[in-house]
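The values are calculated or read from the model by the stated rules, or taken from the named source; none is laboratory data. If you're wondering where the values come from, they're calculated on a predicted model, not measured in any experiment. Cβ coordinates were reconstructed from backbone atoms using ideal geometry, including for glycine residues, and neighbour counts include every protein chain displayed. Please note that ligands, DNA and RNA were not included when accessible areas were found on the heavy atoms of the full protein model with its side chains. Shrake-Rupley method; radii C 1.70, N 1.55, O 1.52, S 1.80 Å.
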Amino acid sequence: MNELLWFLLPVAAAAGWFAGKRNQTRATAAWNYANNIHKDVNLLLSERTLKPDELLDSLAETDGEAADTYIALGNLFRRRGDVDKAILLHESLLNTVKLEPTLRSSAMVALAQDYDSAGLMDRAEALYRKLIASNPAFPDYWISLIHLHEREHDWAAAIESAQAMKAAIPPNNKTIEKADLPRRLAHFHCELALRAAHDGYEEQFGELLEKALSYYPESARAHIMLGQRALRKGRNDDVLEHFRAVEAARPALLPEIIDDWFAALRGASDPQALDDFIEHIRGRRNAYSVIRTTRDVIAEREGEAEGDRFLKEQIVRRPSLKSLRDWVHDQVQVARPEERENVQVVATMLDQVVEEKPLYACRVCGFNGNVLHWQCPGCARWDTVTTIVGIEGE
Ligand SMILES: [Zn+2]
């Protein structure tokens, strides 16, 4: 990183040389600019504590042209973990130099990011609100504020800001489309619903989830939570309705609900519903856990041989390490005594291989793990973590 900072010096000096070709005044300014940057970089890179007065003195001699370099320099300090120096630089710049409005906004955004990195959330929020007040139609300030609420898990504030953003910005704005507000609002309501359930407010739990669907009818998360609630209340037909919506919106989530889906089908008002669902499963490409659960239901209703026939038919269509592992485990039981030990070794090896494979991955940043996160811990996007499918997954 230090090399990168030093790279700024010849660039600044070269900028000074070109300026000097135009007139003497500009040459002097460029020379001062390069010298100031050189001095400040040295001070900021040194291990001793930089006195604010020293920085203020050199900034006082700086014109607005150098400001963007100072902003970039502060950002570099933040990225390498020197948040205190980044804050000092950006704060000093804002307090000392008269900046034109665009540069002033850039410096404020940079300072808000410094505060955010330092955990000074109140100060970061105050700056974002100031920026929004200065230009309410600029989506990036709103998005930064909403991200801040998300990191703080302040879901009520996140809802308020998302609604205010929707009201302030025309709906055909490309950035507001990218912000994916309906999906976010649904997740914020799901988060509040979880809190309500935790605190024992059952009625509020249901209302918040319905609200989530009013913003984003395809919210798989809200449908799963409402389906599971209906199952607890014995309203099996409602369960089926919500789970069908989950499958339509995000078919990869079927493994999360397959057990509950079969539980609801067993108590559904339509006796044909269970047979129809099994037929539906036969006709689609399935994750291994869906195949395994369906196999057990078929075995229970039509006998073990029929269950195994379904299993073989399905795993040939979508082979995976998990299905191979289970098949080898089954072979241990039926292997000849002299071969059993070898088959057991293969089964144990496959257990280890499968255990090391993550269950879920983010399709955007590649973050992976064994928990289904609705918001990716790697890139903070919503609904991008999904079940891994294919040979190494489901
Ligand atoms: Zn991600």
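Assorted remarks:
- The single residue among 336, 340, 325, 318 that is away from the ligand (no atom under 16 Å from the Cβ), surrounded by fewer than 13 Cβ atoms within 10 Å (Cβ to Cβ) and basic (Lys, Arg) turns out to be 336.
Condition check ((1) within 36 Å of the chain's Cα centre (by Cα); (2) modelled with pLDDT under 90; (3) part of a loop (DSSP other than H, G, I, E, B); (4) farther than 17 Å from residue 289 by Cβ) across all residues:
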| residue | (1), (2), (3), (4) |
| --- | --- |
| 306 | no, no, no, yes |
| 313 | no, yes, no, no |
| 322 | yes, yes, no, no |
| 328 | no, yes, no, yes |
| 331 | no, yes, no, yes |
| 339 | no, yes, no, yes |
| 345 | no, no, no, yes |
| 352 | yes, yes, no, yes |
| 355 | yes, yes, no, no |
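- Answer residue from region 354-374, given it is out of contact with any Ser or Thr (no Cβ under 6 Å at 6 or more places or on another chain) and near the ligand (Cβ under 10 Å from one of its atoms) and is least open to solvent (accessible area, probe 1.4 Å) among those: 361
- Matching residues, region 375-394, being open to solvent by 50 Å² or more (accessible area, probe 1.4 Å), more than 9 Å from the ligand (Cβ to nearest atom) and under 20 Å from residue 150 (Cα atoms): none
- Selection status of residue 290, touching a residue at least 12 places away in the same chain (Cβ under 8 Å) and more than 37 Å from the chain's Cα centre (by Cα): no
- Residue 137 fulfils the conditions (1) without any contact (Cβ under 8 Å) to a residue 24 or more places away in the chain; (2) of a type in the set (A, V, I, L, M); (3) assigned to a loop (DSSP other than H, G, I, E, B) except for a single criterion, (1).
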